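Below is one structure, written out as structure tokens, with a few remarks after it.
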Amino acid sequence: METHSIRRDMKSLLETYPQLECNDNSHGNGEAKSGLAHGYRWVGKDEHTQGGITLPEALSLVMVERYLSQSLPVLLNRPLQDIFLKAQQTLELHKKSQITHWPEKICVIQPAQPFISPDIDPDVLVAVHEALLNEKQLRVTYRATQKVDAEPKIYRLHPLGLIQRGPITYLAAMANDYVDVYLYALHRMQALELLAEDCRQQPAFDLNLFAASQGHFGSASPIHFEAKICDHLALILQESPLSDSQTVSEADGSGFRRLAADVLDTWQLRWWIMGEADRVEVLLPIELRQDIQGMLTRAHAQYL
């Protein structure tokens, strides 16, 4: 049993360290033909780029693969697969160490209804990433809606960046000769051609600012939001505020508190309000209150 464990560990080392060489002198059943069944020696020079990786490096790479691999360019992600594999093998080899169990102690849960990611054509993903890296134009056949009878259109896109919104990946780009930037869902791209022409740029364009204003959809205009909230919701929002400007008053006679915060007017805000149902009553702005009132009235009618 001990010999079997040693051979298993040495096999892992062979896959991790190219400098380690094995002389296999065994029959198929593991018994030696003569002398030792397996002999090992260290050959070549110790080159850091070709050698093994340390335990902290392995742990970091495993966490990167788990949480960030979808954000890496495909052209870089594929060569990294060997490194990710070495990282997994290194953790397996040192599984008696407490640090190797760290990935098992971390779980990330999104505070929203989970959805399965739509399928993206691998060739589309590669072309989009390559266009972004090399700042080239794309010719895209794109279906703008999920309607069955929607006619695809052909656009010449000038890519500016990718935005990951939940399970859906969007390309921020200018179309044809227009200067306005719009979002194009990668899973709706039916055909794509990487062009040789350089794409146009917007020198003042900031992807993070664009995502903050457009990535949640809706107008994303700043509003002063006020609402009555129940005591339990107030405790949650005091721990995780809607914004830095948020204030929450003391409870009134009915047990409700008054919330005030400067936020962006987005679909996400409306989804949150609707999800809280009777735990929140929108007071301001009046337009938002009327929108929520209308949605609740129509929803109530469906359940009569």
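I'd like the residue in the stretch 235-255 that is under 30 Å from the mean Cα position of the chain (by Cα) and under 23 Å from residue 290 (Cα atoms) and, out of all such residues, is modelled with the highest pLDDT. Spell out how you get there, then give the answer.
Step one: list which residues in the stretch 235-255 are under 30 Å from the mean Cα position of the chain (by Cα), which gives 235-246.
Imposing the further condition that a residue be under 23 Å from residue 290 (Cα atoms) reduces the set to 242-243, 246.
Values: 242: 92, 243: 92, 246: 95.
Looking at residues that are under 30 Å from the mean Cα position of the chain (by Cα) and under 23 Å from residue 290 (Cα atoms), I get 246.
Name the single residue that is nearest to the chain's Cα centre (by Cα) among those in the stretch 269-304 being open to solvent by 80 Å² or more (accessible area, probe 1.4 Å) and within 19 Å of residue 236 (Cβ to Cβ).
271
Kindly establish whether residue 200 is basic (Lys, Arg) and over 24 Å from residue 151 (Cα atoms). Explain how you work it out, then say what you get.
Values: basic (Lys, Arg): yes; over 24 Å from residue 151 (Cα atoms): yes.
When the stated conditions are applied, residue 200 passes them.
Could you list, in sequence order, the residues of the stretch 81-105 that are touching a Ser or Thr at 6+ places or on another chain (Cβ under 8 Å) and in a loop (DSSP other than H, G, I, E, B)?
If the condition is that a residue be touching a Ser or Thr at 6+ places or on another chain (Cβ under 8 Å) and in a loop (DSSP other than H, G, I, E, B), then 94 is the only one that fits.
Given the criteria in contact (Cβ under 8 Å) with a residue 12 or more places away in the chain, outside any strand (DSSP E or B) and among the hydrophobic types (A, V, I, L, M, F, W, C), does residue 229 qualify? Even if it seems obvious, please write down each step before you answer.
Working: in contact (Cβ under 8 Å) with a residue 12 or more places away in the chain: yes; outside any strand (DSSP E or B): no; among the hydrophobic types (A, V, I, L, M, F, W, C): yes.
In short, no.
Is the stretch 231-238 home to any residue that is in contact with a Lys or Arg (Cβ under 6 Å, 6 or more places away or on another chain) and among the small types (Gly, Ala, Ser)?
Pass one, the stretch 231-238, residues in contact with a Lys or Arg (Cβ under 6 Å, 6 or more places away or on another chain): 233-234.
Retained after the next criterion (residues that are among the small types (Gly, Ala, Ser)): 234.
Yes, the conditions are met somewhere in the stretch 231-238.
Here is a list: 213, 221. Which entry is surrounded by 12 or more Cβ atoms within 10 Å (Cβ to Cβ), out of contact with any Cys (no Cβ under 6 Å at 6 or more places or on another chain) and of a type in the set (Gly, Ala, Ser)? Before the answer, list the steps.
Values: 221 fails: surrounded by 12 or more Cβ atoms within 10 Å (Cβ to Cβ).
Selected residue: 213, the only one of 213, 221 that is surrounded by 12 or more Cβ atoms within 10 Å (Cβ to Cβ), out of contact with any Cys (no Cβ under 6 Å at 6 or more places or on another chain) and of a type in the set (Gly, Ala, Ser).
Just the residues that are at pLDDT below 90 and among the charged types (D, E, K, R), please, taken from the stretch 115-156.
Those that are at pLDDT below 90 and among the charged types (D, E, K, R): 119, 121, 123, 143, 147, 149, 151.
Taking the criterion of being out of contact with any Lys or Arg (no Cβ under 6 Å at 6 or more places or on another chain), in a strand (DSSP E or B) and among the hydrophobic types (A, V, I, L, M, F, W, C), would at least one residue in the stretch 285-300 satisfy it?
Within the stretch 285-300, none of the residues are out of contact with any Lys or Arg (no Cβ under 6 Å at 6 or more places or on another chain), in a strand (DSSP E or B) and among the hydrophobic types (A, V, I, L, M, F, W, C).
I want to confirm something. Restricting to the stretch 134-167 and keeping residues that are within 30 Å of residue 111 (Cα to Cα) and basic (Lys, Arg), which single residue is surrounded by the fewest Cβ atoms within 10 Å (Cβ to Cβ)?
Within the stretch 134-167, the match that is surrounded by the fewest Cβ atoms within 10 Å (Cβ to Cβ) is 147.
Which of (1) open to solvent by less than 70 Å² (accessible area, probe 1.4 Å); (2) touching a His at 6+ places or on another chain (Cβ under 7 Å); (3) at pLDDT 90 or above is the odd one out, the single condition residue 266 does not satisfy?
Evaluating residue 266 over (1) open to solvent by less than 70 Å² (accessible area, probe 1.4 Å); (2) touching a His at 6+ places or on another chain (Cβ under 7 Å); (3) at pLDDT 90 or above leaves (3) as the failure.
Limited to the stretch 116-162, what total is found for residues that are aliphatic (A, V, I, L, M), over 21 Å from residue 206 (Cβ atoms) and in contact with a helix residue (DSSP H, G or I) (Cβ under 8 Å, 6 or more places away or on another chain)? Write out each step before concluding.
Step one: list which residues in the stretch 116-162 are aliphatic (A, V, I, L, M), which gives 116, 120, 124-128, 131-133, 138, 140, 144, 148, 150, 154, 157, 160, 162.
Applying the additional criterion that residues be over 21 Å from residue 206 (Cβ atoms) yields 116, 120, 124-127, 138, 140, 144, 148, 150, 154.
Applying the additional criterion that residues be in contact with a helix residue (DSSP H, G or I) (Cβ under 8 Å, 6 or more places away or on another chain) yields 120, 124-126, 138, 144.
Count: 6.
Would a scan of the stretch 101-115 turn up a residue that is open to solvent by less than 50 Å² (accessible area, probe 1.4 Å), under 22 Å from residue 61 (Cα atoms) and within 16 Å of the chain's Cα centre (by Cα)?
So in the stretch 101-115, the residues open to solvent by less than 50 Å² (accessible area, probe 1.4 Å) come out as 103.
From what's left, under 22 Å from residue 61 (Cα atoms): 103.
From what is left, the residues that are within 16 Å of the chain's Cα centre (by Cα) are none.
So far as the stretch 101-115 goes, no, none of its residues is open to solvent by less than 50 Å² (accessible area, probe 1.4 Å), under 22 Å from residue 61 (Cα atoms) and within 16 Å of the chain's Cα centre (by Cα).
The values are calculated or read from the model by the stated rules, or taken from the named source; none is laboratory data. The structure displayed is predicted, hence computed values, not measured ones. Quick reminder, even Gly has a Cβ in these numbers, built from the backbone with ideal geometry, and neighbours come from all protein chains shown. Ligands, DNA and RNA are stripped out before the accessible areas are found, and what is left, the full protein with its side chains, is counted by its heavy atoms. Shrake-Rupley method; radii C 1.70, N 1.55, O 1.52, S 1.80 Å.
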